[in-house]
Amino acid sequence: MRGSELVSRVGSYSLPLQCVLLCIAVPAISFKLGPPAGWLFAASLLAGAVAVLFGILASIVLRNARWLALSVAAAIVLFFSLLLGMSLGGNLGA
């Protein structure tokens with residue numbers, strides 16, 4: 001697998017993974033499930049950071065500015081993830 005394919009594939013799969021993990025973590029935080037909710041939330045934040053970084057990397061490697069939209073979308077989801085985590089859990093985790 002070429003490097004550009006790997007970068008684009010990781011970048012394109014990390015944003016949906018971030019959203020899925022966040023959708024699972026929010027009810028877990030609401031139901032006060034403790035450490036599992038915190039781990040899901042942390043995994044969602046990590047997937048968001050990977051999506052931001054690989055979106056920027058893909059735009060540089062592939063020389064296509066539309067990959068920056070992936071980074072912007074992941075940053076927006078990351079920001080609202082932090083807001084939801086603070087409002088539901090009282091801090092950045094569960």
message: Angle check, please: helix 35-61 long axis (alpha carbons) against the longest principal axis of the chain (alpha carbons), in degrees 0 to 90, nearest 10.
response: 20
task: Would you calculate the volume per residue, in Å³, of the smallest convex hull containing every Cα atom of the chain?
output: 70
query: Each residue of region 77-86 in order: what ³J(HN,Hα) in whole Hz does its phi give by Karplus 6.51 cos²θ - 1.76 cosθ + 1.60, θ = phi - 60°, with x for Gly and Pro?
result: 5, 4, 4, 6, 5, 5, 5, 5, x, 6
field: Inter-probe distance in nm under a simple model that places probes 7 Å from Cα toward Cβ, at Phe31 and Leu82
entry: 2.8
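Values quoted throughout were computed directly from the atomic coordinates according to the rules given, and no laboratory measurement underlies them. Just so it is clear, the structure is predicted and the values come from calculations on it, not from any experiment. Please note: Cβ atoms are built from the backbone with ideal geometry, for glycine as well, and neighbour counts cover all protein chains shown.
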